[in-house]
Amino acid sequence: MHRRFILIQLPEPLDVANEKHRSAIQFCDKLNKPRNIAEITKERLRRVGKSLLVDGQSQPIDVGFRVFKLDTSNIRAWDPNPTDLDRTLFEHMDHLADGRAESDVLYELLLKRGLDLCVPMDSRPVAGKEVHAVGGGVLMACLATSITATEVEAVALGIVNWHKELAPAGDTTCVFRDSAFADDVAKTNMAAILNQHGIQNVRSL
């Protein structure tokens, strides 16, 4: 039987003063993990999954899982300072929040597009930039911090070639970091090349 489930566990801290928690604290310390219940839960899942894997079985069992934490959006809200608009505009050249990983942004894109959080993801370098394909190419993203005017064509054609390999069943949305482009001309050229090869939905964050 193939079962999928969502498990919710608050990261309740373990209390050093509580004798009942001491073995759990030692367990977390041994694993070099934070001392909370959520870390114990994740390790239990790993160990149960490992115990279910049997060598030589005819069909592989998927015992993987993904962990998510509730947080604020990766995309910064526009909150101008009316007394210093110049500085506000400068600070919002990059719309993504500081300290966020590319995977954080990708999963938020999945949520906003209504895609399953368990869809397959793949990444590969394209013209020196990391490109992600989600859901077999339904969503493609290049979140590089810089794409120069001379790199636009190579990146676009690399994405096009990978898109053809994937041959997604539905329309594809391709997403870039808005601040990566030197100017609007570079961004327009990227969209134009992708549009010419059938990728019509090009968005920037």
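Throughout, read-outs are computed from the coordinates displayed, never taken from laboratory work. It should be emphasised that the depicted structure is a prediction, and the values quoted were computed from it without experimental measurement. We place every Cβ from the backbone using ideal geometry, glycine too, and count neighbours over all the protein chains shown.
Between residue 2 and residue 61, what is the label-to-label distance in nm when each label sits 7 Å out along the Cα-to-Cβ direction? Calculated label separation equals 1.6 nm. Simple spin-label estimate for residue 44 and residue 83 gives 5.2 nm between the two label positions (7 Å along the Cα-to-Cβ direction from each Cα).
For the chain, the longest principal axis of the alpha carbon atoms and the long axis of helix 184-196 meet at an angle near 80°. Defining a contact as two alpha carbons under 8 Å apart and six or more residues distant in sequence, what relative contact order in percent does the stretch 1-67 show? Worked out over the stretch 1-67, it gives 24 percent. Packing around the peptides 114-120, 124-130, 5-11, taken as the average count of other Cβ atoms within 10 Å per residue, puts them in this order, highest first: 124-130, 114-120, 5-11.
Using R0 = 22 Å, the C-beta based FRET efficiency linking residue 204 and residue 72 works out to 0.60. Can you tell me the FRET efficiency between residue 185 and residue 161 if r is taken as the Cβ-Cβ distance and R0 is 35 Å, rounded to the nearest 0.05? Computed FRET efficiency for residue 185 and residue 161: 0.90.
With 20 Å as the limit, write out which pairs from 42/69; 164/187; 129/164 have Cα-Cα distances beyond it, or answer none.
Pairs exceeding 20 Å: 164/187.
Take the alpha carbon gyration tensor of the chain, find the square roots of its eigenvalues, order them as a ≥ b ≥ c, and report rounded if a/c is under 1.5; if not, report prolate when a/b exceeds b/c, else oblate. In terms of gyration-tensor shape, oblate. The sum of -39500 (n - 2.57) across all DSSP H runs of n ≥ 4, divided by the residue count of the chain, sets its helix-only mean residue ellipticity at 222 nm to -11000 deg cm²/dmol. A Förster radius of 35 Å combined with the Cβ-Cβ distance from residue 153 to residue 118 puts the calculated FRET efficiency at roughly 0.50.
Relative to the longest principal axis of the Cα atoms of the chain, helix 37-52 runs at roughly 80 degrees.
By how many degrees, 0 to 90 and rounded to 10, does the Cα axis of helix 22-31 deviate from the longest principal axis of the chain? It works out to around 40 degrees.
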